[in-house]
1. Which ³J(HN,Hα) values in Hz, rounded to whole numbers, follow from the phi angles of region 85-98 under the Karplus curve 6.51 cos²θ - 1.76 cosθ + 1.60, where θ = phi - 60° and Gly and Pro get x?
2. Quick check on the chain: what are the equivalent-ellipsoid semi-axes from the Cα gyration tensor, as sqrt(5λ), descending, whole Å?
3. Please compute P(r) over all alpha-carbon pairs of region 285-487, binned at 5 Å starting from zero, and give each bin as a whole-number percent.
4. Can you list residues from other chains, or at least 5 along the same chain, whose modelled amide H is less than 5 Å from the amide H of residue 280?
5. Take residue 479 and residue 285, extend 7 Å from each Cα along the Cα→Cβ direction, and tell me the distance between the two endpoints in nm.
6. Just how far, in whole angstrom, is region 129-197 from region 1-52 if you go by their alpha carbon centroids?
7. Looking at region 6-281, what % of its DSSP beta bridges pair antiparallel, to the nearest 5?
8. Output ³J(HN,Hα) for region 18-34: one whole-Hz value per residue in order, computed from phi by the Karplus curve 6.51 cos²θ - 1.76 cosθ + 1.60 with θ = phi - 60°, and x for Gly and Pro.
Amino acid sequence: MRLSTRSLTTLPASVTRPAYDRDKTAIGIVHLGVGAFHRAHQAAVIEECLARGETGWAIAGASLRSADTRDALQPQDNLYTLSVRSSQGEALRVIGAIRESHVAPENPGALLARMAAPTTKIVSLTVTEKGYCHDPATGQLNEAHPDIIHDLANPDTPRSAIGYLAKALRMRRANHTSAFTILCCDNLPANGRTVKRVIDRFAHLLDKDFGHWVAGEVACPASMVDRIVPATTDEDRARISALLGVEDRWPVVTEPFLQWVVEDVFPSGRPDLALSGVEMVKDVTPFEHMKLRLLNGSHSTIAYLGYLAGYETVADTIADPAFARLIRAMMDEEITPTLDMPAGTDLDGYKSALIERFRNPALKHRTWQIAMDGSQKLPQRLLGTIRDRLKAGAPIDRLALGVSGWMRYVAGTDEKGAPIDVRDPLATKLASVAAEAGPSAARLAPALLAMPEIFGSDLPADPRFTAPVTKALESLFTKGAAKTVSEA
Ligand code: CS2
């Protein structure tokens, strides 16, 4: 039997299930990019809003490409299990907040109609860094992006998230429906402002008059999102289904920790998120820097160097005392001085909790998964911190080692000579740069640094950055990651 509304009553008593009548809820949120992260984070928060009786905020989830999620969720009445795992054990909760599943390319009209409906007040997104079709170094719309070229030429049949947002907003404007609020839940720097810049520019390029309307009417609050959610494995699916006594083909596995800090600008309304533990603030920036720099900066450093040292998961990597030392020292000495937190923030506690979260033995968070899309991640995870340090005239050796880990990784061959499956929107370019440079730090570092879409024009021209990066890369090539980390 499959997990579904009907089979809910057969679940063991220990499994939490929707504490409200799903049929009495209405869709108020459309979410683009209904992957594991959304289902473990925002949907879990919305579940509590619905259970409290705020019935107008159920979610319509959409995938912009693959049909996998819809195919798995629809036969389950869009129900799925959220498994919270730690060394203490595993707690299962069936989430009912998603009421509809869309696959954009299969039925764009249905998704657009849902986005344009007056009842839809918020369109939220987790489409990963590359899904915004922007230039990661500048945060501007990448007008040469093939999807943007396509969507500007065919605005009624879009491909990109930006194209869908614009088309739905044009429909709303034509129907005299007020704009929805766009809520970005991706790990982008200044994510609200970045999305606002990108959508305003796209709308302006489509039609100046519409661009003017979007600029004035569409709010894009910033948000900092945090929960570690590794890709679900077949083993997870089998274990969870066995515990449920019915089959769940699309469960999500996560950690106990959840944080969401949101800028409180929702002109079309919102659920009372604060009652579900969301921090509603005026300015997300300090929280965003804290999280992107400490958590994600460490994560990417662990991912590249850990992968090269032969570790499969974050927990395996951080269990190596040399790695734990490097990461804590990088946090304390090189990242923390760049943060400017509101009074009362317990950064020390935050960092210790982070290391414990990385150690969570129940999560199999693969270094390879986090290593993906490095060209889109480095700027906000490591390079912003580096810029601040250089401005202050302070050393950056550990951060530089993180950057060189990425360079060594995209060289495409591991320390045993096996090929690395480098996933990145710039993978083709990275592979040709690496092939031309060969395994030489003196050639590879400058060749990669000459990609302004990642490094801008300032960093490659600053020897205080290029020298430590090249030196660390040299060490990775000659001594390997484990030894380099133990000497760092
Ligand atoms: C990770 C993040 O995959 C990655 O790049 O660093 O997904 C990370 O797990 C989340 O941002 C945690 O909130």
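The values are calculated or read from the model by the stated rules, or taken from the named source; none is laboratory data. Since this is a predicted model, take the numbers as computed values, not measurements. Note that each Cβ is placed from the backbone with ideal geometry, even for glycine, and that neighbours are counted across all protein chains shown. Quick note on the areas: whole protein, heavy atoms, side chains included, nothing else; ligands and nucleic acids left out. Shrake-Rupley method; radii C 1.70, N 1.55, O 1.52, S 1.80 Å.
1. With coefficients 6.51, -1.76 and 1.60, one gets 10, 8, 5, 6, x, 9, 10, 10, 9, 8, 9, x, 5, 8 Hz.
2. Details: eigenvalues 265, 155, 88 Å².
The answer is 36, 28, 21 Å, longest axis first.
3. Calculated P(r), rounded to whole percents: 1, 8, 17, 21, 22, 16, 10, 4, 1, 0, 0.
4. Close amide H contacts, sequence-distant or interchain: 262.
5. Taking the two extended label points, one gets 3.9 nm.
6. About 28 Å separates the Cα centre of region 1-52 from the one of region 129-197.
7. Details: 12 of 37 bridges.
The antiparallel proportion sits near 30 percent.
8. Working through the residues one at a time gives x, 9, 7, 8, 4, 5, 8, 8, 10, 7, x, 10, 10, 10, 9, x, 8 Hz.
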